[in-house]
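The values are calculated or read from the model by the stated rules, or taken from the named source; none is laboratory data. Since the model is a prediction, treat every value here as computed from it, not as a measurement. Neighbour counts are summed over all protein chains in view; Cβ atoms, including those assigned to glycine, are modelled from backbone coordinates with ideal geometry. The accessibility values were calculated without ligands, DNA or RNA, using every heavy atom of the protein model including side chains. Shrake-Rupley method; radii C 1.70, N 1.55, O 1.52, S 1.80 Å.
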Amino acid sequence: MNKLTDKPGLLVRQQGFFIFAGLWLWMGIISMVENRHSSWGHYFGALTALGLILLPAMVFAWNREKLRENLSRKHYLIVWVLCFCLLLPLLTLLCGIYKPLNCSPSAMVAGAVCCFVIEILFAGQAYLQKRENQNTWIHKINFEGAVLIIIVLVCTILGAMATCSLNNPLYHTRKQLLIGFEFSLTKIFWNFGTFLSFTAQFLIMYLCGYLLFIINSRFLVAKVFRQKGFLIYILSTLAVVSFLYPVLGQLLKFLPMDRLLGGVFPQNPFSLENAFGAILVMFLSLPVLLSLQWVKQNNQIVELEKEKTRTELDLLKEQLNPHFFFNTLNNLYALSLQQSKQTPDSIMQLSELMRYVIYKGKQAQVSIGEEVKYINDYMQLQQIRLRKNLDFRFTMDVSDNMQPVTPLLLIVFVENAFKHGVEPAEDNAWLYLDLRCNAQTLYFRCENSFEPADVTTTGIGLSNLKKRLVLLFPDKHRMETSVENQRFIAEFELDLS
């Protein structure tokens, strides 16, 4: 079982080796096609010859990670140059001279060149990954942008191939021009205007399909399919195609390239062949777009979970306030020296307080009675710690003490009141709490005095609470804060039904 689970890791670790192995097999196939062989004996013979050429690269790729770990940067570079700049061309030259096992020389040269190019691409990718923070523009390219870039590259290549195929009897006849796999920089240079014309026309042709893809991506799949379902999506797609395909067909018919290529597009713009092509673009892109949408939604869910975890951790840190904790311990120590009768009860309250935060705070729900007891214990310890007169009132109207609620929501308002209102007060301070709870609604109001300098300060606790409420109770809560005549008011209402 462990061996099975290790296979994906091996594939990832030796990705370069497997890519070179794939290149090796493709070059063997190309050699078979060029020599017009069909027997497996010739195929394995070609693979043997090509394997001799690609052997240094494949050995290097298999041991790449070990070489990086065990060699210095200088020695690693020496081994790399030895494999790809010395042994690779040398073995290619020797195999080209002696032609072992009737392997196609062009396949051997192409294999060596492709191997070197792929290795350069690997090096470029590693360099970009190291400079990831400095190349953020790469990560801003979305799927639609990547498709557009690919279209431009394909059209440029097709324009070059079409230009190089002109006036070549193998491809260019009186009736039509066939686009051959031909590249000649000299011919492109001397016919640069023709190259640009071909590229532009190919670009127009592919952009017609890209327009359908964009409509499918941003409207039909993103809006119609998600909100209305598959049936309405199909009908909407057919409606969009009926609007667009005659216009696009007429545009493609006007391209001069159409006549040169022997009439690629139907002369009648209303031909159902054009409609079929448009529908094919829509439906072939549907699985890709749905997969991307699923990945996007999954990433959003993961991000929300991370945000929820961060918010809850921040909230827990706020609850376990070291300033409050150590000051309370100091006051308990002072009470113990005075042999105060409050000492045992205060120690028990602090113990219950910490136990509630650590254990109950992890639960999804607690009873409203437990939450109220936690607030009362917190208030008593705060009053011992502050040693100042505090006008405290806590009115409650709770229909059922066992009513389940989310833990550590209400205490945030109380902590914020102490931190930004009660503690900074030079004179006597006051704090009024009002709690109402039934099976349908939980309402909590917190009013406290504050110093004028703290009017604009609401604290990180309330900010974290807002994030937590959005995650836990979307569209089921109301939270408002206001300032009236040196009075800070925070109101919270939650739909429990």
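A few notes on this one:
- Cβ-Cβ under 7 Å pairs, at least 6 apart or on other chains, the stretch 224-246 side more than 18 Å from Leu290 (Cβ to Cβ), far side part of a helix (DSSP H, G or I) and polar (S, T, N, Q): Tyr245/Asn274
- Test result for Phe192, in contact with a helix residue (DSSP H, G or I) (Cβ under 9 Å, 6 or more places away or on another chain), surrounded by fewer than 19 Cβ atoms within 10 Å (Cβ to Cβ) and of a type in the set (Phe, Trp, Tyr): yes
- The set of residues in the stretch 273-285 that are open to solvent by 20 Å² or more (accessible area, probe 1.4 Å), under 19 Å from Phe230 (Cα atoms) and touching a residue at least 24 places away in the same chain (Cβ under 8 Å) comprises Ile279, Val281, Phe283.
- Looking across the stretch 231-272, just one residue is among the small types (Gly, Ala, Ser) and open to solvent by 60 Å² or more (accessible area, probe 1.4 Å), and that is Ser242.
- Sole residue being out of contact with any Lys or Arg (no Cβ under 9 Å at 6 or more places or on another chain), closer than 28 Å to Ser165 by Cα and of a type in the set (D, E, K, R), chosen from Arg218, Arg226, Arg259: Arg259
- Pairing each residue of the stretch 339-367 that is open to solvent by less than 80 Å² (accessible area, probe 1.4 Å) with any residue that is part of a loop (DSSP other than H, G, I, E, B) and of a type in the set (D, E, K, R), provided the two are 6+ apart or on different chains, yields C-beta distances under 9 Å for Ser367/Asp400.
- Considered as a group, the residues in the stretch 459-476 that are open to solvent by 60 Å² or more (accessible area, probe 1.4 Å) and not in a helix (DSSP H, G or I) include one that is modelled with the highest pLDDT, and that residue is Lys476.
Rundown of residues vs (1) of a type in the set (A, V, I, L, M); (2) part of a strand (DSSP E or B), yes/no style:
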{"site": "Ala364", "(1), (2)": "yes, no"}
{"site": "Tyr374", "(1), (2)": "no, no"}
{"site": "Asp377", "(1), (2)": "no, no"}
{"site": "Met396", "(1), (2)": "yes, yes"}
{"site": "Val414", "(1), (2)": "yes, no"}
{"site": "His420", "(1), (2)": "no, no"}
{"site": "Glu426", "(1), (2)": "no, no"}
{"site": "Leu435", "(1), (2)": "yes, yes"}
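- Hey, Gly16 modelled with pLDDT under 90, surrounded by 18 or more Cβ atoms within 10 Å (Cβ to Cβ), within 16 Å of Gly111 (Cβ to Cβ) and not acidic (Asp, Glu) or not: yes
- Selection count where residues are within 43 Å of the chain's Cα centre (by Cα) and of a type in the set (A, V, I, L, M, F, W, C), scope the stretch 425-441: 3
- Residues of the stretch 403-433 satisfying the condition of being open to solvent by 10 Å² or more (accessible area, probe 1.4 Å) and within 14 Å of Phe488 (Cβ to Cβ): Glu415, Asn416, Lys419, His420, Glu423, Pro424, Ala425, Trp430, Tyr432
- For the stretch 199-207, the count of residues that are aliphatic (A, V, I, L, M), farther than 30 Å from Ser165 by Cβ and open to solvent by 30 Å² or more (accessible area, probe 1.4 Å) is zero.
- Every pair of residues 6+ apart whose Cβ atoms lie under 8 Å, when the first sits in the stretch 466-486 and is under 22 Å from Ala417 (Cα atoms) while the second is part of a helix (DSSP H, G or I) and hydrophobic (A, V, I, L, M, F, W, C): Arg468/Leu315; His477/Leu469; Met479/Leu465; Met479/Leu469; Thr481/Leu462
- Residue within the stretch 391-411 that is of a type in the set (D, E, K, R), more than 19 Å from Leu353 (Cα to Cα) and touching a Cys at 6+ places or on another chain (Cβ under 9 Å) present: yes
- Pair list, Cβ < 6 Å and 6+ apart or interchain, from the stretch 76-105 residues that are touching a residue at least 12 places away in the same chain (Cβ under 8 Å) and closer than 30 Å to Lys66 by Cα to residues that are among the β-branched types (Val, Ile, Thr) and in a helix (DSSP H, G or I): Leu91/Ile53; Thr92/Ile53; Cys95/Ile53
- Qualifying residue in the stretch 423-431 (condition: among the hydrophobic types (A, V, I, L, M, F, W, C), in contact with a helix residue (DSSP H, G or I) (Cβ under 7 Å, 6 or more places away or on another chain) and modelled with pLDDT of 90 or more): yes
- Applying the condition of being aliphatic (A, V, I, L, M) and closer than 14 Å to Gln201 by Cα to the stretch 214-271 and asking which residue is nearest to the chain's Cα centre (by Cα) yields Leu248.
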